[in-house]
Amino acid sequence: MVDPKTVERLVNQQREMGNLEPKKIGSRKPSQLEAHKELVIAILVAYPDWTLAQYCEEIDEKTGVYVTTGAMCRYLKKQKLTLKKTYRSEKALSAECQQEKFDYWQEAKEIKPEDLICINEAEIWEGMERSIARSLEGRRAFSRPESYKGQSSYCDWCNFR
């Protein structure tokens, strides 16, 4: 009650390999991304908080190799480029940067209010930052949010056009 093809396959396997143990499941075909490993890692280091779709699009643009998000995810896992919680820039946390902020505020206190011009371009929208990113094994992941580009030049905060 066994298909003749199965018997033929098992007989050939016994002749070639000397056993009837089941073969490993899955393909041994390497990923298309393996040939572009350095580029994938360079893109990941430059843009650690991108989505899988963004990585796929960038690889397609740079190499012409199209991969699905699932294939990208499997490849990054094999390379141990896993998701991690993000941290703010190391520079922003440094004592040097904290001192620069303090020095700036000391200087700004001396400026008369009527001499100030308010430009709200440096605001950080924490809700727009991604909370996870990828990085090389043993390293922290940092988010690098893109600058926000609004729909109009109207400033709601100070009612100014």
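Read the figures in this text as sums done on the coordinates, not as results from a lab. A quick note: this is a predicted structure, and the numbers were derived from the prediction, not measured. Cβ placement follows ideal geometry from the backbone for every residue including glycine, while neighbour counts extend to all protein chains displayed.
Note on Lys80: lysines with a C-alpha under 30 Å away, same-chain residues under 8 apart excluded, are Lys23, Lys24, Lys29, Lys37, Lys62, Lys91.
Return the FRET efficiency for the residue pair Val45, Glu8: r is the Cβ-Cβ distance, R0 is 35 Å, and the value is rounded to the nearest 0.05.
Numbers: r = 51 Å, r/R0 = 1.46.
That gives a FRET efficiency of 0.10.
Put a dot 7 Å past the Cα of Arg28, heading toward its Cβ, do the same for Ala108, and the two dots end up 6.3 nm apart.
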